[in-house]
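Right, one structure below, let's go through it.
Read-outs throughout are calculated quantities, based only on the coordinates presented, and are distinct from any laboratory measurement. These numbers were taken from a predicted model, which means no experiment stands behind them. So basically every Cβ, Gly included, is an ideal-geometry build from the backbone, and we count neighbours across all protein chains shown.
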Amino acid sequence: MAAYESETFDPKLPIRDRDAAHGRGMLIAPALAVAAFLTARPGLAQDEQVGLGLAPGAPQITNVAGGISPAYGRPSESDQDWRFDFHGMVLLPLRVGINSREGTVYVDQKKTVLHTPPVVPGNFETFEYTAVAPDPWVQLNFSYGNPTVVATIIVAARTIQNADSFFNAPDHIGVNDAFFTYRPRVHEAIHVNVNLGGFASNYGHMGEYDLGREATPLIARVSGMGATGTAIFDLENDLQVVTELGLQGQLTKTPVGIQPAAWNGYADPNVGSTFALHGHAALGYLGKAQLGAHLISAFAQDDRATPTTQRDGNISVLGLDARLTLGRYGHFYAGWGHTKANEARSVSGVVRVLNAAGGAGLADEYLGRDADGRINGKLDVLGAQYDLSLANLLQYPGNFTGKSPDIVTSVFGVYAKAVSPVYGYDDVAKLKYGVEVGYSMLSWFALGGRFDRVLSNLDDDSQTHAIWTARAIFRSDFGSQDQVALQYSNYQSGSGVAVKDGQPPQRDPSVDPDGHVLSLMASMWW
């Protein structure tokens, strides 16, 4: 075939000779011509190749808006601008609750019983949640893009299948977030950031770089499919103005007739399609002080919510907060949130307040339901946290790099009070506070201690519990991104403390909480 191709199509031949050679080629057997047609040229570009079907990894979608088909697998025109990043976090805890068996102990039964997960107060969506003994968490962040646009996909799970006793579908989250980030170049004094896709935004994070010691946003969490745009304006006198506006909704609605069950996360057909419109503004100075305001409105207007006579509802959140980043003097945060629920039975978990999802979550934890199942009321939340590094304070004016011994202290607290038309929920005030101290003594070893006190009802001391925690931390070096922690927590629970148990989890006053919890936790982040 090589001889045939060079003789017939040699570009070095004069045109007249090439025509003659082509004439001779037409006399060759048809089978040889077919073979020549089917033989690919070496170095054929990907978009010039002929295939019988799409590559297995090609996007299974039609054209995107504008009639453009994604060129799957092709390199970008400028390899210097585009890059792939991979980040993540893995937290793997083995937690064992220790208690005593009630009633008669039979043959081959021990008086001491072991529970995993521990039977203790503090489910994620409740006010009592403290994150002292955290749940498993695996998160993998994949991103690809350039300085102007980045696509991010986050895969997450709350469990490890080989460590589970049964397959609990909601814990296998899968693709938790998928969104684009656009950073158009507007002006050297104006910085614009637009997120578009499915993601969550937390407002009222009490820590400098995280949600804080309680692992709960103080004001609200908004999640769903939509867009959020942020603009930062650099002003004179080292001032900055930050504005943010977003709109998010959910991709689906729980179908009418579906039965709430463990496998679907107890999906609720009473909830309608919900949308959240939110706006935020802040004034900052030198990156050290910031005053912020937040306004969130989540609403449902869906005729498929059951029953069909159910009123359209909304949840509105107003928040104010302040943040001081004081260098060697530590970090301080204080905030206030006011939530109003109006016929909120149909409002979904697009908005979460203190981790409680939508109207149903607020009803279960703070507002209750009236005789007709309606959800109305108000919730005020106050919170503060202060963090201080002793080494950073003492080494001033030098810079503390984290490569030497240090003592870190945190003081934190959250207060919540409800106003509700439902007896037993109205005028109920809750408070939780604590202190945590960590001593990083060696490059490979640190000690920590923490105390938490949770008062689920300030008018009922029996609903109070305290947690004393001690931990030893092993790591590869100062400031390393890995650690193994051995932890012991002592729970001192009042007689009125009710632990959530069963499926779906319900507060059960008959359950005796575990008094001791041992945890072995390995974690790494990158």
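Observations
- Ordering of 506-518, 272-284 by burial proxy (mean other Cβ atoms within 10 Å per residue, highest first): 272-284, 506-518
- Extended-chain gain in nm, criterion 0.36 nm per residue less alpha-carbon gap, Phe451 and Tyr285: 56.4 nm
- Ranked by the mean number of other Cβ atoms within 10 Å of their residues, highest first, the peptides 403-415, 93-105 come out as 403-415, 93-105.
- Pairwise FRET efficiency - Lys111 versus Ala293, Cβ, R0 = 60 Å, nearest 0.05: 0.60
- Potential lengthening between Tyr266 and Thr325 on full extension [0.36 nm per residue; Cα-Cα distance subtracted]: 17.1 nm
- Sorted peptide list for 387-394, 348-355, 85-92, criterion being average Cβ within 10 angstrom, highest first: 348-355, 387-394, 85-92
- Straight-line reach from Lys417: taking Cα to Cα under 27 Å and skipping same-chain neighbours fewer than 8 places apart, the lysines in range are Lys340, Lys378, Lys430, Lys432, Lys500.
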